[in-house]
Amino acid sequence: MKNGFSAWMGIGRAAALALAAAAPMAAHAQFSDNYNFLKAVKEKDGQKVTDFLQKPGSTLVNSRDVNSGETALHIVVARRDNTWLGFLLAKGANPNLTDNDGNTPLMDAVQARFEEGVTTLLTYKAQVDKANSSGETPLIRAVQLRDVGLVRLLVANGASPDKRDTLAGMSAKDYATRDNRTPGLVEALEAAKTTAKPTGPVQGPVF
């Protein structure tokens with residue numbers, strides 16, 4: 001009986017060791033896929049990106065960079081690539097994931113004054129008032145940039161001019177009122193409801 005119990009315990013230990021060895025391998029494979037997917041996006045390798053996304057059950061489209069927290073959407077927004085942006089969104093990329101600073105792709109698009117990208121992200125349900133780690137919304141950033149066109153676009157899509165940041169406790173309206181260098185900025189916050197909303201998905205790249 002004792003020998004049988006020892007043998008059973010030996011089998012149990014062997015199984016546990018096998019599982020322990022397999023777990024890091026699975027984690028490494030997932031990490032490698034995430035890294036290689038983002039690398040392919042950076043290199044504009046459409047075929048490789050498509051192959052990754054066609055894997056059954058793949059969630060790679062929402063992979064995050066281990067250092068910056070950036071997703072593929074952040075990457076393509078940074079290079080002002082609306083074709084890739086529309087393609088990834090159509091493949092299910094989440095426009096509301098943030099990087100390590102709490103910035104969404106929409107915030108990055110506003111910061112870059114990438115109006116076409118802003119329109120595309122809003123078309124795919126980007127949260128217009130999602131704030132970063134400083135409590136700044138895309139609308140606050142657009143006002144700080146004194147970009148009347150972006151202000152109109154964001155407010156037309158529901159951005160609140162009254163939401164305050166946590167850095168200075170000021171809203172987009174507060175920043176606009178304080179700024180006397182840009183005629184029409186306050187009026188843009190009030191009149192932007194007449195701006196046309198974005199319509200229709202964006203055609204993706206052809207690989």
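The values are calculated or read from the model by the stated rules, or taken from the named source; none is laboratory data. Only a predicted model underlies this, so the values are computations on that prediction, with no experimental measurement involved. Ideal geometry is used to build each Cβ from the backbone, glycine not excepted, and the neighbour counts take in all protein chains shown.
Scanning segment 94-144 for residues being assigned to a loop (DSSP other than H, G, I, E, B) and in contact with a Pro (Cβ under 6 Å, 6 or more places away or on another chain) gives a total of 3.
Among the conditions (1) touching a Phe, Trp or Tyr at 6+ places or on another chain (Cβ under 8 Å); (2) surrounded by 17 or more Cβ atoms within 10 Å (Cβ to Cβ), Thr120 misses just one, which is (1). The test for being touching a Gly at 6+ places or on another chain (Cβ under 9 Å) and of a type outside the set (A, V, I, L, M) does not hold for Lys125. Can you find a residue that is without any contact (Cβ under 8 Å) to a residue 12 or more places away in the chain, in a helix (DSSP H, G or I), farther than 18 Å from Arg141 by Cβ and more than 11 Å from the chain's Cα centre (by Cα) anywhere in segment 51-74? Yes, segment 51-74 contains at least one residue that is without any contact (Cβ under 8 Å) to a residue 12 or more places away in the chain, in a helix (DSSP H, G or I), farther than 18 Å from Arg141 by Cβ and more than 11 Å from the chain's Cα centre (by Cα).
Residue count for segment 51-81 under the criterion of being among the hydroxyl-bearing types (Ser, Thr, Tyr) and modelled with pLDDT of 95 or more: the result is 3. In segment 146-175, of all residues being touching a Lys or Arg at 6+ places or on another chain (Cβ under 8 Å), assigned to a helix (DSSP H, G or I) and not β-branched (Val, Ile, Thr), the one that is surrounded by the most Cβ atoms within 10 Å (Cβ to Cβ) corresponds to Ala172.
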